[in-house]
Every structure is written in C-alpha cells, then in structure tokens.
Amino acid sequence: MTTSEIARPPAVSVEGAVAYVEDLDGAYRGDVANPSRIVVVEPDGTSVPWTRGADVTYVTAAWAGSTLLAYTVGEGEHLSVLAFDGSGEARVLSEDGAIGAISPDGVFVVTTEPGPDGQAISLMRVSDGTVLDRLEAFGELGEMYLSYGGDWRDGLVVLPAGRTAPGRSEVGLLLLSVDGHELMVERFVAFDHPEIGYIPDWPHFIDDRRVWARASTTVGRDELYVGVECDLVELRCSTTSEPTAPANAAVARNLSRG
C-alpha cells in the first residue's frame, strides 16, 4: 500500500479481510474533498475494489460480520453511513449519522444522528437497515451531545457523550442497554476532572463493569491527552497520564481520531 492508501486506518474483519481507502488525488486532507475508492484485500490476498473512483471521500469504519460499514465525509465532516455487502453493493444506513457501536455478532448497529430536539440514537439491523428502536429524548439527563466510536458488550452499549444540565455542562459516558430490539438509557457517568472539557474518544469495555476512554485536557494553551477509567457500578472515574488503551480494551480508531 502507498502513503495515500494508509492515510486512514483500515478495517479488518474477523475472517481476515482488510478494507482500506485508496486516495486517488494524493494523500488525504481533511479540509477538502478527496476523490477515493474502497479496496478490500481478501484473506487469500486478492485485492478487489468495492467502489469506483469518484469525487467522494470515503472512510472505512468497521466490519459487522461480513458487511463493511463505511462513511462518506462531506463538507464540515458531515457523515453518512454506508453498508457494503460486496463489491459495488452499497446501501445507505444513515444519511446524516455516525456509528455509535456494533453488536458483537455484527447483526445490529447503534447510530447517532440529529433528532427533533438535539441528537437521537437508533438501533438498526445491519442486513436491511431496519430501524428497530430510536431514542429522541433522555429524560432527566437533559439534552445530550453524542459522538461516534463507542463499544457494545453483553447487551450494554457505551457512547462518548456530553450533556447540558441545569447550571452546568458535563462530559463523560452514556450507558445504554439493549434488550431484544429495545434501547434503554441506563445512566450517564460524568468525568470528575476540572480540566476535561471535551467529549472523550474511543470508550471501550475493559471488563463487565469498567470502561476506558481517552480524553483531552487544556492546561493553559497546551492540549494534553489522558486516559480515563470509569467504574459503571460505582459511577466513579479516575485519570492517568498515559493516554494509551489497556491491552484488553479493543479500541477501534476511525476518522480523524488518531
């Protein structure tokens, strides 16, 4: 692969297929349109273009079983979610959304997108894009600000989030449960750190009750990254100066998150 082909991280399936974006007009730049195509290297080494070259910026996100999930990126990093069932077989899952988390078996995906009064969360079936449930209000938690790149484990979904509460704003983690085809809000875990003012990156389960995430802090004019580990039972978080994920946190890096 050339430098332009690996400007964005590839997505690797459990079967060993590798999907990557080939930029057709030089290396990827985040401030302009990037003509590109998606190429998949099969486990046997065969390389197959899954899209035709076009004036479209693609980003490979993750595999859901044998289905590749990817983004098209528009002006202002506007995202649309696509599902590819094979070469040239693309479906739109969300016109204006992002991937929150994928079920361990690859059957379902949680997406975040604009709602009527802020942001919303949808539970979709990957195979046909059917919306099985949708949350548009978060009760006493107030208005939520949601990001992409969360995790799903044993019926629990964790998403990077922030919220506006009476008299204050908080950032942290939103915990959801999935029971069949129903989404339910469990709790919001706020980061108790005075210098973390941004929604975190890459929250992933360490075990059944602990989640790790990376967060940025501002000290004076310097921006620093720290690791944050949260106990979802005791609703308590601690920070470390090391922003690298623990070995047992399966972090999925996508888009411009490093």
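See the values below:
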{"quantity": "Candidate set from segment 215-236 (those that are among the hydrophobic types (A, V, I, L, M, F, W, C) and assigned to a strand (DSSP E or B)); member that is modelled with the lowest pLDDT", "calculated": "VAL219"}
{"quantity": "Test for SER80: is it among the hydroxyl-bearing types (Ser, Thr, Tyr), within 27 Å of LEU175 (Cα to Cα) and surrounded by 20 or more Cβ atoms within 10 Å (Cβ to Cβ)", "calculated": "no"}
{"quantity": "Meets criteria (under 24 Å from ALA62 (Cβ atoms), within 13 Å of the chain's Cα centre (by Cα) and part of a strand (DSSP E or B)) for TRP212", "calculated": "no"}
{"quantity": "Number of the exception - ASP207 against (1) modelled with pLDDT under 90; (2) outside any strand (DSSP E or B); (3) more than 24 Å from GLU140 (Cβ to Cβ); (4) not hydrophobic (A, V, I, L, M, F, W, C)", "calculated": "(1)"}
{"quantity": "Residues (polar (S, T, N, Q) and either farther than 23 Å from VAL131 by Cα or in contact (Cβ under 8 Å) with a residue 40 or more places away in the chain (or both)) located in segment 152-196", "calculated": "THR164, SER169"}
{"quantity": "Test: residue in segment 132-145 that is of a type in the set (Asp, Glu) and buried (at least 18 other Cβ atoms within 10 Å of the Cβ)", "calculated": "no"}
{"quantity": "2 or more residues aliphatic (A, V, I, L, M) and modelled with pLDDT of 85 or more: qualifying strands (runs of 3 or more DSSP E) within segment 1-73", "calculated": "18-23, 36-41, 57-64, 67-73"}
{"quantity": "Set LEU82, LEU68, LEU123: member being under 21 Å from ASP179 (Cα atoms) and over 13 Å from the mean Cα position of the chain (by Cα)", "calculated": "LEU123"}
{"quantity": "Selection count, segment 151-198, where residues are outside any strand (DSSP E or B), more than 19 Å from the chain's Cα centre (by Cα) and surrounded by fewer than 18 Cβ atoms within 10 Å (Cβ to Cβ)", "calculated": "9"}
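The values are calculated or read from the model by the stated rules, or taken from the named source; none is laboratory data. The model shown is predicted, which means the values in this text are computed figures rather than measured ones. Reconstructed Cβ throughout: ideal geometry from the backbone, glycine too, with neighbour counts over all protein chains shown.
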